[in-house]
Amino acid sequence: MRTNRLSRREFLAAVGTCGAGAVVASAAGGVSGEGQKVKLSTPHAEKIGWRLSCQLYTFRDRTFYEAMAVLAGLGIRRVEPAFFLPLSKEQPDLKTSEMLAPAQRRELKRRLEDRGMLMASYYAPLEADTSGFRKVFDFAKEMGVETLVAEPPAQVFEALDSLCQEYKINLAIHNHSEAAGSKYWRPENVLRVCEGRSKAIGGCPDTGHYVRTGLDPSECLKKLQGRMICVHLKDVAEMGNPESRDVPLGEGKANYTQVLKTLRALNFRGLVTIEYEHLSPQLVEDVAKCVKFVEDFAATVDV
């Protein structure tokens, strides 16, 4: 068991003063300025196979390029953009999606590479109309995406499975709450559409939405054993309340220490993606608390 962890005060001091679009110091020390490589803040998590990322809906109050600076300061190397979120302040109508022109894609790749960051996953518009699927996969391949996250209808999974195998890209099925009308609000529904499909198709369980629905997230993760591709890490203030706000990991009703223990017991290795939906002046500090919670837990694990 390791005990060489940053104190909560030391970690938050590095990130707590960051505002929109600002560059913050990483938890491990140093500054991640424009063009400088990200200094990873979660080495213990990496050692147990948990590759930390951030869903950029977290920072929907700013553009992709502005959010990159904040994530660099937090020591997060991986990002999961969503197809409906803006790319740049200079061109607010541009979305971080397959609709980008070739020159815009090259610029996006260059900026990621300059910081040593990866678009490891992408929340993609995979709906009933299959005609645009190949364009999504082409974009994902060009950006180096390993996993598409989406909530497709059941009838398109045959087409998606074929593309996943062709492009060697995973598809992770995301859930929202039952009250939000999600088809995949419980893990049994995810498993049903995975039946008869390749291992490239699996779940992206969102633990916070399970709590909003009134489900125990740890029990839901157990049901998805062998079919989890990535996980959205989220804690919320109230069990069974669809409108309950996000709180930092460990401060809500998900019993987040148990959630992480469950992931470890299931021998899960893959993307663990922080998504924090509550916008406030303390947003960056709250995300920093989430990063630290994961890293502190990982530091206690014998490898």
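Rule-based calculations on the coordinates, nothing more; no lab input. Just so it is clear, the structure is predicted and the values come from calculations on it, not from any experiment. All Cβ positions, even for glycine, are placed from backbone atoms using ideal geometry, and neighbour counts span all protein chains on display.
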Query - Computed Rg/Rh of region 238-303, alpha carbon atoms with Kirkwood Rh - result: 0.98
**Report entry** Tensor-based shape of region 150-258 (alpha-carbon gyration tensor, a/c under 1.5 rounded, otherwise prolate or oblate)
**Finding:** prolate
Query raised in the report: Got the relative contact order for the chain handy, in percent, Cα pairs under 8 Å and 6 or more residues apart?
Result: 19
**Report entry** Amide hydrogen neighbours beyond the local backbone of residue 80, cut-off 5 Å, H modeled
**Finding:** 54, 55, 56
Query raised in the report: In the Gaussian network model of the chain, springs joining C-alpha atoms below 10 Å, which of 156, 287, 79 carries the largest mean-square fluctuation?
Result: 156
Query - region 8-299: projected area of the alpha-carbon convex hull, averaged over directions, in nm² - result: 13.7
Query raised in the report: Taking region 142-225, which GluC sites (Glu not before Pro) meet the DSSP loop condition and have no more than 12 other C-beta atoms within 10 Å?
Result: 195
Query - Cα-projected label distance for residue 110 with residue 141, points at 7 Å along beta-carbon direction, nm - result: 2.4
